[in-house]
């Protein structure tokens, strides 16, 4: 039996609402604290309690964090999913199960380990009766820790982190872990090859979910007003803001510098946010696809009235309410075309939790610079699951409030300005904030036809002139968009293009293609719409381009085809949407099914070492500034 170290997946099958989240996150964090690259993905149903749920922990010495299609270790705690869980174990794998589940085990090609979960919990007098089912999950943590080599002190550290050093729950949960560990040590003989050994590949890294990262980024970006309505998988974003706002945005006199309102529905939420943005506050909301649908008319109003607002769309699979607890990238087409009539939407596409943080503050800068709604796309996989990351970097550029006229500015202009007048040729007019006491600062905001001075008009030429100016603004937006991230290998004419959370699976798929088929492919991850010049230049450099995304219709492929018709013949769609996070396997198979050896000398290479040149580019900086921070987490410019 060949030993397999730090390269396998663990999946735990339990019931929704059974308290397994604490146990699974304890395993995840303990492995992370051992210095081993790891990621965790929760597959849960859309009910509150009772249906099967699974949590997958991927351990990868090579740092791959995407979903795998193979489960080497399976822990079965739910009789309702027992048969399915047993079938999912890879040949040669390990199957741990609660021994009170009296179902037959017919497989002879795996190692089988029964666990006396209930017996061990009942024998501990420190666990109250009404806590036994919840704490019982920690028994399998202890058994698994012994069998695969999880450092027990790292388990303790993870439990202390979760319970915030509260002595009683720490002692109760650690007691169950210890009971499982000691029982396994005395009763189980290892028959599988999987084990863990300490590494140093997580040093200086953090673990977080994308929704929390976005929340902190928005707070650091000066968020002042948040209106929202609960919806999976976006709810935890605003919940995280509620957790961090009191810590980071309190003045010395104890007063808070923010407001968070839970509205009666998504229409009210976006209406409130737009009103706050109009008044000069940095305003936002968060939602998912069904909520975004309800916000459409208001977003069109904000586009035409030119009001800055930020909308986070944490995508789930649709249509309609669809599968509310599964992930997707199928809102892209809708997001880029929100609003009635002729309108354009600027969309940022976060691809990892660092970008969730960065776009949290950058979205406000872009919204106020362009005076329009900005939609930031994330998804359930990135938003609600735990990811390894570099620590977040505090914003180093000053807050960009855009073209705002003060009382002094109006004095110099002698009141000669128009709210929708393009003075600079970039399509972006000047605005004033309510409270500006200059008599010429006021204007009437309307969603109906208006001229350059905000006066009501149904004149055809005036309306057309205004719409063409708005189109010019969308072209101007390109200079403020984050440029794509590019991974290059020399000597290839094949490329992959994608956006969002598929990046981790694509990086692994590239290595599989190079190592197994000798196919080398460069990779570009698009980060914004409208597309920047670099996207066109990348597409032009290759003979064939595979556009990978998690939706049915290839929505990014469609947008690229519309934007760059000269490249249509070389672009091939690799689209797949079943609600599961992208895996290297389906990406590899999707590319191979369409791969054409059009230029053997250039397109097909011999397997090579895993070497990458990563080019990461940021939005253009707006001047050189001193590094300034407020004492309580806001950026300079927010009181």
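The values are calculated or read from the model by the stated rules, or taken from the named source; none is laboratory data. If you're wondering where the values come from, they're calculated on a predicted model, not measured in any experiment. Here the Cβ is made from the backbone with ideal geometry for all residues, glycine too, and neighbour counts use every protein chain on show.
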Set 574, 568, 547: member being in a helix (DSSP H, G or I) and at pLDDT 95 or above | 568
Given the conditions (1) in contact with a helix residue (DSSP H, G or I) (Cβ under 7 Å, 6 or more places away or on another chain); (2) under 19 Å from residue 11 (Cα atoms); (3) surrounded by fewer than 17 Cβ atoms within 10 Å (Cβ to Cβ), report the number of the one that residue 161 does not fulfil.
-> (2)
Odd one out for residue 3 among (1) surrounded by fewer than 18 Cβ atoms within 10 Å (Cβ to Cβ); (2) without any contact (Cβ under 8 Å) to a residue 60 or more places away in the chain | (2)
Go over the candidates 111, 145 one by one and state the one that is crowded, with 20+ Cβ neighbours inside 10 Å, touching a helix residue (DSSP H, G or I) at 6+ places or on another chain (Cβ under 9 Å) and modelled with pLDDT of 95 or more.
-> 145
Only residues in segment 483-506 that are closer than 17 Å to residue 359 by Cα count as the first member; pair them with residues that are modelled with pLDDT under 95, Cβ under 7 angstrom, at least 6 apart or cross-chain, and list the lot.
-> 483/617; 485/616
Return a yes/no flag: does segment 600-617 have any residue that is more than 30 Å from residue 220 (Cα to Cα) and modelled with pLDDT of 85 or more.
-> no
Which numbered condition residue 256 fails, given (1) farther than 22 Å from residue 327 by Cβ; (2) in contact with a helix residue (DSSP H, G or I) (Cβ under 8 Å, 6 or more places away or on another chain); (3) surrounded by fewer than 22 Cβ atoms within 10 Å (Cβ to Cβ); (4) in contact (Cβ under 8 Å) with a residue 24 or more places away in the chain | (4)
Out of segment 334-365, which residues are farther than 13 Å from residue 529 by Cα, within 10 Å of the chain's Cα centre (by Cα) and crowded, with 24+ Cβ neighbours inside 10 Å?
-> 351, 353, 355, 356, 357
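Condition check ((1) touching a strand residue (DSSP E or B) at 6+ places or on another chain (Cβ under 6 Å); (2) crowded, with 22+ Cβ neighbours inside 10 Å) across all residues:
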{"position": "513", "(1), (2)": "yes, yes"}
{"position": "521", "(1), (2)": "yes, yes"}
{"position": "528", "(1), (2)": "yes, yes"}
{"position": "541", "(1), (2)": "no, no"}
{"position": "547", "(1), (2)": "yes, yes"}
{"position": "550", "(1), (2)": "no, yes"}
{"position": "555", "(1), (2)": "no, yes"}
{"position": "561", "(1), (2)": "no, no"}
{"position": "571", "(1), (2)": "yes, no"}
Going through (1) within 29 Å of residue 145 (Cβ to Cβ); (2) modelled with pLDDT of 95 or more one by one, residue 238 fails only at (1)
Please work out which one of (1) surrounded by fewer than 24 Cβ atoms within 10 Å (Cβ to Cβ); (2) over 18 Å from residue 579 (Cβ atoms); (3) touching a strand residue (DSSP E or B) at 6+ places or on another chain (Cβ under 7 Å) is the condition residue 55 fails and give its number.
-> (2)
Report those strands (runs of 3 or more DSSP E) wholly inside segment 1-61 carrying at least 3 residues which are within 18 Å of residue 95 (Cβ to Cβ) and modelled with pLDDT of 95 or more.
-> 7-15, 52-60
Odd one out for residue 101 among (1) crowded, with 21+ Cβ neighbours inside 10 Å; (2) touching a helix residue (DSSP H, G or I) at 6+ places or on another chain (Cβ under 9 Å); (3) under 21 Å from residue 133 (Cα atoms) | (1)
Would you be able to tell me the number of residues in segment 516-544 that are in a helix (DSSP H, G or I) and closer than 17 Å to residue 583 by Cα?
-> 1
What are the residues in segment 62-73 that are closer than 17 Å to residue 387 by Cβ and not in a strand (DSSP E or B), if any?
-> 62, 63, 64, 65, 66, 68
The number of residues in segment 79-96 that are farther than 17 Å from residue 57 by Cβ and either surrounded by 20 or more Cβ atoms within 10 Å (Cβ to Cβ) or touching a helix residue (DSSP H, G or I) at 6+ places or on another chain (Cβ under 8 Å) (or both) is 2
